[in-house]
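A.B. asks: This is the structure I have questions about; it appears just below.
The values are calculated or read from the model by the stated rules, or taken from the named source; none is laboratory data. Keep in mind that this is a model prediction, so the values were computed, not measured. Backbone-built Cβ (ideal geometry, glycine too); neighbour counts: all protein chains shown. Surface areas here come from the heavy atoms of the whole protein model, side chains and all, with no ligands, DNA or RNA. Shrake-Rupley method; radii C 1.70, N 1.55, O 1.52, S 1.80 Å.
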Amino acid sequence: MQKRVLVIGGGGGGIGRATTGAFGNEGAAVMVADLDPQRAAEAADAVRAAGGTAYPISGDVRSAADIEAMVAGAVEKLGGLDVLVTVVGGQVAFVPAVKLHEMADEDWDTIYEVNLRYVARAVRAALRVFLDQGTGGAIVSVGSVTGFMAAPEQAAYGVMKAGLLSLARTVAAEYARDGIRMNVAAAGAIATAVANGVVDAGVVEEIPVGRFGRSDEVARAVVCLASDAASYITGQQLVLDGGVSVRGPFE
Ligand SMILES: NC(=O)c1ccc[n+]([C@@H]2O[C@H](COP(=O)([O-])OP(=O)(O)OC[C@H]3O[C@@H](n4cnc5c(N)ncnc54)[C@H](O)[C@@H]3O)[C@@H](O)[C@H]2O)c1
């Protein structure tokens, strides 16, 4: 059966757009949610132009009502929901990168809102749909290596990304018997517009694979974790970092 997928942040130029496109290529029906209605529409158009099924919806993840509307909109348009993907996140796209002692309270709040609070709300809304349908479901959140490695000048971001894995573990423990899974796709340095602004080109020297990752490489991992190929994987984090996190101190 055709999977019915909601991608929150799916209009983005980087990982979001690639993820929307990858689900479209797999023959899924996709609801693309994004703050920017034009981005959402363009991402949906691209899926349709390739022969797939996609609909745009705009909304702000900082709003509880908008999260409910995104999930309800997906259920209405797609006739139900099988997969939730959360993409929105980051630090430097939202607040300045500063050392921990300089970080303002309101910046911590912002980073919580756009990385973790909305994910918990979207997961809750999707769980209610999955349980009502009685057909199970899969959730994938785009995380980051900063969730388990140091995050210099991005402390709040790292803390929130660490929270995604905790949420996935709890979903795994509470809902596995309902056929519901949640996993995290934790990305390293991915060549996107946002990363271009903050990641020094010299960083590539530290990446064992010898290059930045691509958005489509993250997207394909997200699709895999959401698919039946990952039916026995839940509460886990799949790391997509070209080997950065396993490299030791020796050449
Ligand atoms: N780019 C990287 O190197 C990198 C590395 C590790 C993890 N990540 C993670 O990947 C994810 C996507 O990052 P990206 O840089 O590829 O971005 P992206 O280009 O995929 O864009 C994300 C989308 O989120 C939307 N958005 C922003 N604020 C929103 C809001 N309040 N409500 C609704 N939508 C909103 C934007 O309009 C944009 O379309 C994030 O979770 C980020 O933490 C990125």
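A.B. asks: How would region 4-246 be classified by its alpha-carbon gyration tensor: rounded, prolate or oblate, with rounded meaning a/c under 1.5 and the a/b versus b/c comparison settling the rest?
C.D. replies: In terms of gyration-tensor shape, rounded.
A.B. asks: Any chance you could look up the accessible area of Ser215 with a 1.4 Å probe, heavy atoms only, rounded to 10 Å²?
C.D. replies: 20 Å²
A.B. asks: With charges set only on the Cβ (+1 for Lys and Arg, -1 for Asp and Glu), what does the dipole of the chain come to about its Cα centre, in debye to the nearest 20?
C.D. replies: 680 debye
A.B. asks: Using θ = phi - 60° and the Karplus curve 6.51 cos²θ - 1.76 cosθ + 1.60, what whole-Hz ³J(HN,Hα) does each residue of region 53-61 get, with Gly and Pro shown as x?
C.D. replies: Residue by residue, region 53-61 yields 10, 7, 9, x, 8, 9, x, 10, 5 Hz.
A.B. asks: Sum up the charges of everything whose Cβ sits under 15 Å from the Cβ of Pro208, counting Lys and Arg as +1 and Asp and Glu as -1, but leave Pro208 out.
C.D. replies: Charge balance in the 15 Å sphere: -3.
A.B. asks: At a threshold of 8 angstrom on Cα-Cα distance, excluding pairs fewer than six apart, so keeping six or more, what relative contact order does region 4-246 reach in percent?
C.D. replies: It comes to 19 percent, rounded to a whole number.
A.B. asks: Still on this structure: Report the calculated FRET efficiency for Glu68 and Ala201 (r = Cβ-Cβ distance, R0 = 51 Å), to the nearest 0.05.
C.D. replies: It comes out at approximately 0.75.
A.B. asks: Okay, moving on. How do Leu131, Leu225 rank by accessible surface area computed with a 1.4 Å probe, from largest to smallest?
C.D. replies: From most exposed to least exposed: Leu131, Leu225.
A.B. asks: Hey, another quick one. Report the calculated FRET efficiency for Ala150 and Ala191 (r = Cβ-Cβ distance, R0 = 22 Å), to the nearest 0.05.
C.D. replies: With R0 = 22 Å, the Cβ-Cβ based efficiency is 0.50.
A.B. asks: Over the chain, what percent of the accessible surface lies on carbon and sulfur atoms, probe 1.4 Å?
C.D. replies: Reported share for carbon and sulfur atoms: 52 percent.
A.B. asks: Counting only heavy atoms of the protein chains, get the accessible area per residue of region 4-246 (1.4 Å probe) and round it to a whole Å² value.
C.D. replies: About 45 Å² of surface per residue is accessible.
A.B. asks: Students often get this wrong: which residues of region 147-162 have the backbone nitrogen under 13 Å from the point 7 angstrom along Cα-to-C-beta of Lys99?
C.D. replies: 152-154
A.B. asks: Say R0 is 30 Å: what FRET efficiency, to the nearest 0.05, do Arg247 and Trp108 get from their beta-carbon distance?
C.D. replies: Result of the calculation: an efficiency of 0.50.
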